[in-house]
Amino acid sequence: MSRKFTQGTSRSLKLEDSEFKAFLATQRPLLPPNPTPPRRPVNSEPKSRKTAEGSELKAFRATQRPLSPFNPSPPRRTVASETKSSSRKTAEDFELSTFLATQKSSAPPPRRAGNSEEEIPLPDATRERSLTPAEAQVALRDLFAGDTNNSGTFNNDADDTVSGFRDGFRLLPHQVPSRAWMRDREDSTKKKAGGILADEMGMGKTIQAMARVIDGPPTKIDRKDGWAAATLVVCPLAVMQQWDSEVKKFTFGLKVVQYHDSKRGKLAAQLPEANIVLTTYGVVCSEHSTMDPHDRTQGSVLFTTKWWRIILDEAHTIKNRKTKTAEACWNLQGKFRWCLTATPMQNEVAEFFPLLKFLHIKPLNDWERFNLLIAKPISKGPGANLAMKRLQVVLTHVMFRRTKAEVASVLKLPARTVVILPCEFDASEQQFYTALKTNVQTLLKRILAKSEGAVYMNILVLLLRLRQACDHPCLVLDNYTDEMDDIAPEPLNMAADADSDLEDDIGKPKCEFCMTRLTRRNTADQAWPGHCINCAAFKVQAENLRSSKRASAKIRTIVWLLQHIAKESGGQEKTVIFSQFTAMLDIIESFLMVIGIDFVRYDGKMSIKERTEALAEISTNPRKTVILVSLKAGGVGLNLTACNHVILVDMWWNPAVEEQAFDRTHRVGQTRNVHIYKLKIDDTVEDRILQLQESKRQLTEMALSGSHIKNKQLGMHELLQLFK
């Protein structure tokens, strides 16, 4: 039904007003939540004002025709009419633009103090051929194979002496340009507020960060603006004491406060006035729950304080954007923000996002934008060239990275050799492993054939059992839940469909050995409660092999190695032994006592005080020649340069975990050649693990030396290949 309106009359204006209001009613979701203005009587305005409003309304409606229910065909205009109305049209356009300006969505909430954002322009297009997913992975590897192409800009404009370090201490040559770069990245006038220091492990990132703390304290004006004097350092628990020790060893006059234990509340008042506050990711995550998002003056001191600087050490800890730890770190208030990590990305490019969000780097600090512009193109292939260029543009601005190979002549690190040392089963071990493998493969077929159940977790448990049998048969006797926690430097991140499967099994009994659901038919007798019949038989066999005096193939090799090292070095060289199983470390301990080797231990069950004492003993006590370290507790951040021999008892499927362990010894401060021994049982699952390591080095390792692989999931295809 069409309607006719005659412009210029009071009646027609009233109809148009009502029509306009009807149209606005359909547009309310787009309008700001402002109260509706009081309705004015039609005759309360002069006629000229009403005519202008009518013209403005028509012009506005003409731009909205696809949305408006009233779209009468516009009258055909002559040249004369166009000329006659040109002056009036200019006025109407101005009024329309004014009107539209009032219709913009409400402004976003004001940004919290200290969270300024740096925006980096990104490339718009490329004519190059699109990369395949495999080619994109190779391009990523090449992208991180060397430095970030910005180190040459900062070679000669900084000194190697830092006022505030102890007399005689000088920065190493490769640390001089990074000092200048960090200074340049703390330039508020250019909205530069930090970055990613991504030197390879063992190149002194802690020292470089300490130099920045000394070089860039807040001024009196900064303090008046509400900024605290302190730099907040968030790090893994294992690294916190090392930070404290190195600050006190290399600097003077800096007040350091550790904020982490149950009595930390008593220290809250001291934090803003300290120079460096040390805390852990666990504490930050825990206290984030007390933060009031609407009132930043309430809650934990970590979130109410406007820190002058925030440093995330081992920053790849937050690389999973879905974790509470990442969210907590994003909500800290800081003038300047830094990420220290040798591995800003290890498995997938999406791991960069949490770091860029923490650093407030626009436009990639928004997940939807990051996923659209970077993550999806690189993972899917189409548009990968442009995505790589965009990523490189951002990294050139915010990341500074050098590899050991590039600065080898400067670092003068001693040589590092890695030897894969085969270990041979005896007859009983071989018989046990063969029978176990046969049973595991039978169970694997049964698991893959069924449509229900936690398939991914079941397969991981079977893999765990094979790996345990390679270390020592009696490890198979342990409950899988305890060992799963031991072996992983990260919580297991199961496949998406495994989560729902696990929910189906909640409350239902499962075999402690293989996780098979127990029924009346497959449950063992009372001598082996919680086991299926097949697994109970293997437990009996493992019990027969349990003995404090019985050495496995790897135990025999470890004993021989330690005796050989002691003989060749005259007892002057020390060894660190890594294992992913704390139960294996327990077994090794008993043999070390038998052969008279003095040792210390470092694992997650020890207190901070006990860990600190263990590190001091291995560093300073010449009688202590061996340190036993669990990979979970000591694979990140420790400085073990007192040792120059490394024995890796059990291999992990991602070589980055091993590299992390190796670089505890091969780092700045090491003066001896480093010898690394990887123990392997031939013709077992460890052969396939070694093959998987090599494939990951070629395609996904990104030439970044080592990483803590938190939230790393082994793909199902890769997992099944290990059982061949």
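The values are calculated or read from the model by the stated rules, or taken from the named source; none is laboratory data. For clarity, every value in this text was computed on a predicted model and none was experimentally measured. Every residue, glycine as well, gets a Cβ built from its backbone with ideal geometry; the counts of neighbours run over all protein chains shown.
Brief remarks on what is shown
- Matching entry among Val213, Val239, Val233 (being within 22 Å of Gly282 (Cα to Cα), assigned to a helix (DSSP H, G or I) and either in the same structural domain as Thr305 (by TED's automatic domain parsing) or in contact (Cβ under 8 Å) with a residue 24 or more places away in the chain (or both)): Val239
- Residue in segment 644-658 that is over 21 Å from Ile420 (Cβ atoms), aliphatic (A, V, I, L, M) and more than 27 Å from the chain's Cα centre (by Cα) present: no
- Matching helices (runs of 4 or more DSSP H) fully within segment 543-659 where at least 2 residues are within 26 Å of His316 (Cα to Cα): 608-620, 631-634
- Odd one out for His294 among (1) more than 27 Å from Pro217 (Cβ to Cβ); (2) buried (at least 17 other Cβ atoms within 10 Å of the Cβ); (3) not polar (S, T, N, Q): (2)
- In segment 593-607, the residues that are under 13 Å from Ile577 (Cα atoms) form Cβ pairs under 9 Å with partners that are among the small types (Gly, Ala, Ser) and assigned to a strand (DSSP E or B), at six or more places apart or across chains, as follows: Arg601/Ser630; Tyr602/Ser630; Asp603/Ser630.
- Once segment 192-249 is narrowed to residues that are hydroxyl-bearing (Ser, Thr, Tyr) and within 25 Å of Lys412 (Cα to Cα), the residue that is surrounded by the fewest Cβ atoms within 10 Å (Cβ to Cβ) is Ser245.
- Going through (1) within 30 Å of Gln691 (Cα to Cα); (2) surrounded by fewer than 24 Cβ atoms within 10 Å (Cβ to Cβ) one by one, Val646 falls short only on (2).
- Among the residues making up segment 370-384, those that are on the phi < 0 side of the Ramachandran plot, surrounded by fewer than 22 Cβ atoms within 10 Å (Cβ to Cβ) and either of a type in the set (Asp, Glu) or modelled with pLDDT under 85 (or both) are Ser379, Lys380, Pro382.
- Qualifying residue in segment 269-291 (condition: within 20 Å of Asn365 (Cα to Cα), modelled with pLDDT of 90 or more, aromatic (Phe, Trp, Tyr) and in the same structural domain as Gly195 (by TED's automatic domain parsing)): no
- Subset tally (residues that are in contact with a Ser or Thr (Cβ under 6 Å, 6 or more places away or on another chain) and of a type outside the set (S, T, N, Q)) for segment 571-597: 2
Conditions tested, residue by residue: (1) of a type in the set (Val, Ile, Thr); (2) outside any loop (DSSP other than H, G, I, E, B); (3) in contact (Cβ under 8 Å) with a residue 60 or more places away in the chain; (4) not assigned by TED's automatic domain parsing to the domain that holds Asp215.
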site	(1), (2), (3), (4)
Leu254	no, no, yes, no
His294	no, no, no, no
Thr297	yes, no, no, no
His316	no, yes, yes, no
Ala326	no, yes, no, no
Lys335	no, yes, yes, no
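- Any chance Lys263 is among the basic types (Lys, Arg), surrounded by fewer than 17 Cβ atoms within 10 Å (Cβ to Cβ), under 30 Å from Asp167 (Cβ atoms) and more than 22 Å from the chain's Cα centre (by Cα): no
- Among the conditions (1) in contact with a Lys or Arg (Cβ under 8 Å, 6 or more places away or on another chain); (2) without any contact (Cβ under 8 Å) to a residue 40 or more places away in the chain, Ala268 misses just one, which is (1).
- Matching option when the condition is in a loop (DSSP other than H, G, I, E, B) and in contact (Cβ under 8 Å) with a residue 12 or more places away in the chain, among Gly194, Gly202, Gly168: Gly202
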